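Step one of this worksheet: look at the structure below.
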Amino acid sequence: MAGKTSVYRNVEQQFNKAADLVGLDPDVRKILARTKNEIIVNFPVIMDDGRVEMFTAYRVQHNDVLGPFKGGLRYHPLVDIDEVRALATWMTWKSAVINLPLGGAKGGIQLDPSKYSSDELERITRRFTFALGDNIGPEYDIPAPDVNTNSQIMAWILDTYLSTISAKERQSCFHVVTGKPIQSGGSIGRDKATGQGVVYLIERWAKDERFDLPGASYFVQGYGNVGSWTARLLKGDGAKLVAVEDATGAIFSQEGLDADDLYEYCASHGGVSGYPKGKAVDHEQFLGTEADIFVPAAMENQITGDTAGLLKVKLVAEGANGPTDIEGDGILQEKGIALLPDILCNAGGVTVSYFEWLQNKRSEFWDLEEVDAKLHKLMISAYERVRDAAKRYQTDWRTAAYAVALSRLEKVYKERGIFP
């Protein structure tokens with residue numbers, strides 16, 4: 001932990017670059033440069049063997065000028081306040097880029113979920129929800145799944161939250177979390193939403209660049225929800241998956257890996273390691289894979305000053321949050337590698353979370369065709385805004401995405417003013 005690179009440092013530098021470019025109002029800049037609330041809770045949980053273990057958890061609320069705080073919860077041993085602060089800030093930019101009426105937040109618990117039983121994870125989740133108290137709420141701060149959390153975790157949060165409010169309010173508060181199981185108020189299409197958004201943008205980029213996706217090659221880092229869905233959906237476009245890396249190792253096949261078969265293997269074996277239809281490679285060999293598209297869909301700071309030079313691709317589509325640091329960004333630009341930045345590219349998840357939130361508020365249920373159509377419309381509109389901003393400002397796509405977000409936020413602050 002002591003040697004962990006500050007993710008928030010990347011956020012600050014990206015923010016300052018874009019703020020300088022658009023001439024952001026200095027007063028608005030002061031507000032957006034700081035988080036609004038930072039909650040740290042320490043709570044005890046009884047383990048299966050009867051002993052008590054203490055856990056540290058976080059919920060950082062960056063900004064809510066556009067709407068309620070919105071952002072995921074992750075369970076990971078490297079979760080700390082620096083990381084959560086960065087992720088919450090990215091959520092504000094992400095909602096602003098997509099034009100959602102939501103703010104930015106993020107949270108998590110510092111733990112390795114693989115070391116705990118399902119019963120222990122349920123008690124940890126419920127105790128965390130209770131510890132947060134009224135720091136979350138359906139019209140105030142709405143959590144969602146993130147790294148190592150899923151619809152089951154959200155169902156436990158929902159049930160615990162509803163148990164803490166009056167009986168007459170419970171049926172109107174199902175939108176306190178999104179990413180829930182379908183039968184508990186979740187939205188069809190939420191499970192694939194982030195990967196679907198990534199693919200929508202890759203398809204639009206390919207159209208703009210007159211690049212043929214059928215027969216194109218791609219590789220994916222991270223084969224959880226985002227990476228596996230992206231790979232399986234790109235398979236439908238006729239593209240070829242040639243390499244995959246996750247926490248268990250990396251595999252490569254020049255002939256191509258079947259994304260669906262690999263997903264089934266990972267579900268039963270816990271990762272890509274040992275997959276019989278792929279050759280094991282090391283991390284540097286994986287990053288040096290010759291392909292058309294790279295989709296980083298794992299953790300932060302993977303494309304750095306040390307690793308960006310290894311990439312031999314035409315496009316990086318960021319499925320993860322913050323996979324590229326400042327030095328890595330510079331190298332990608334020098335190499336002429338196109339970039340679909342995280343706050344644009346992986347915004348499909350928060351967008352369909354917003355749809356779920358709306359459905360719950362209205363007591364509606366949309367079919368997959370409606371969800372996908374609405375998602376496509378919002379993602380492509382955001383893509384076009386960022387593309388046009390990159391041309392207007394003569395800048396890279398990441399800075400352009402920030403420029404779009406900051407300009408929207410600035411306008412709202414100018415309209416509303418600062419109380420008192």
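Where a number appears in this text, it was derived from the coordinates with a stated rule and is not lab data. Here the structure is a predicted model, which means the values were calculated and not measured. Don't worry about glycine lacking a Cβ; one is built from the backbone with ideal geometry, like all the others, and counts go over all protein chains shown.
Compute the Rg/Rh shape ratio of segment 193-340: radius of gyration over Kirkwood radius, all on alpha-carbon atoms.
Reported Rg/Rh (Cα atoms, Kirkwood Rh): 0.93.
Hey, what's the Kirkwood Rh for segment 88-127 if you take every pair of different alpha carbons, in angstrom?
Averaging 1/r across every pair of different Cα atoms and inverting gives 12.3 Å.
Considering Cα pairs under 8 angstrom that are at least six residues apart, work out the relative contact order of segment 35-177 and quote it in whole percent.
Answer for segment 35-177 is 25 percent.
Please state the equivalent ellipsoid semi-axes for segment 212-299: what are the square roots of 5 times the Cα gyration tensor eigenvalues, largest first, in whole Å? Can you show the working numbers first?
On the way: eigenvalues 59, 40, 28 Å².
The three semi-axes for segment 212-299 are 17, 14, 12 Å.
Kindly identify segment 292-420 as rounded, prolate or oblate by the Cα gyration tensor criterion: order the square roots of the eigenvalues as a ≥ b ≥ c, call it rounded if a/c is under 1.5, otherwise compare a/b with b/c, prolate if a/b is larger, else oblate.
Working: a/c = 2.14, a/b = 1.40, b/c = 1.53.
Verdict is oblate for segment 292-420.
Report, in deg cm²/dmol and to the nearest 500, the calculated mean residue ellipticity at 222 nm for the chain, where each DSSP H run with n ≥ 4 adds -39500 (n - 2.57) and the sum is divided by the residue count.
It lands at -14500 deg cm²/dmol.
Based on the mean of other beta carbon atoms within 10 Å per residue, what is the order of 349-358, 386-395, 47-56, 312-321, most packed first? Could the numbers behind the result be given before it?
Working: 349-358: 25.9, 386-395: 15.7, 47-56: 10.5, 312-321: 23.1.
With the highest mean Cβ count within 10 Å placed first, the list reads 349-358, 312-321, 386-395, 47-56.
Which shape class applies to segment 35-177: rounded if a/c is under 1.5, otherwise prolate when a/b exceeds b/c and oblate if not, where a ≥ b ≥ c are the square roots of the Cα gyration tensor eigenvalues?
oblate
Alpha carbon centre of segment 176-251 versus segment 1-57: separation in Å?
Going from one Cα centre to the other spans 27 Å.
What does the highest-first list of 361-372, 69-80, 169-180 look like by mean Cβ count within 10 Å?
Highest to lowest by the protection proxy: 69-80, 169-180, 361-372.
Give me the Kirkwood hydrodynamic radius of the chain, using the inverse of the mean 1/r over all pairs of distinct Cα atoms, in Å to one decimal.
Numbers: mean 1/r = 0.0460 Å⁻¹.
Over the chain, the inverse of the mean reciprocal pair distance is 21.7 Å.
For segment 193-340, what's the relative contact order in percent, using C-alpha pairs closer than 8 Å and at least 6 residues apart? It would help to have the intermediate numbers written out before the result.
Details: 300 pairs, mean separation 32.1, N = 148.
RCO, segment 193-340: 22 percent.
Near the amide H of Thr248, under 5 Å away, which other amide H atoms are found, from residues 5 or more places off or on another chain, if H is placed in the peptide plane?
For Thr248, whose amide H was placed from the backbone, the distant partners under 5 Å are Val272, Ser273.
If packing is taken as the average number of other Cβ atoms within 10 Å across a peptide's residues, how do 268-275, 99-106 rank, most packed first?
Listed from highest to lowest mean packing, they are 99-106, 268-275.
Once you have a ≥ b ≥ c as the square roots of the Cα gyration tensor eigenvalues for segment 121-242, tell me rounded if a/c is under 1.5, and otherwise prolate or oblate according to whether a/b is larger than b/c.
Because a/c hits 1.5 or more and a/b exceeds b/c, segment 121-242 counts as prolate.
When only Cα pairs under 8 Å and 6 or more residues apart are kept, what is the percent relative contact order across segment 283-420?
Numbers: 159 pairs, mean separation 23.8, N = 138.
Normalised by residue count, the contact order of segment 283-420 is 17 percent.
With +1 on each Lys and Arg Cβ and -1 on each Asp and Glu Cβ, and nothing else charged, work out how big the dipole of segment 35-177 is about its Cα centre, in Debye to the nearest 20.
300
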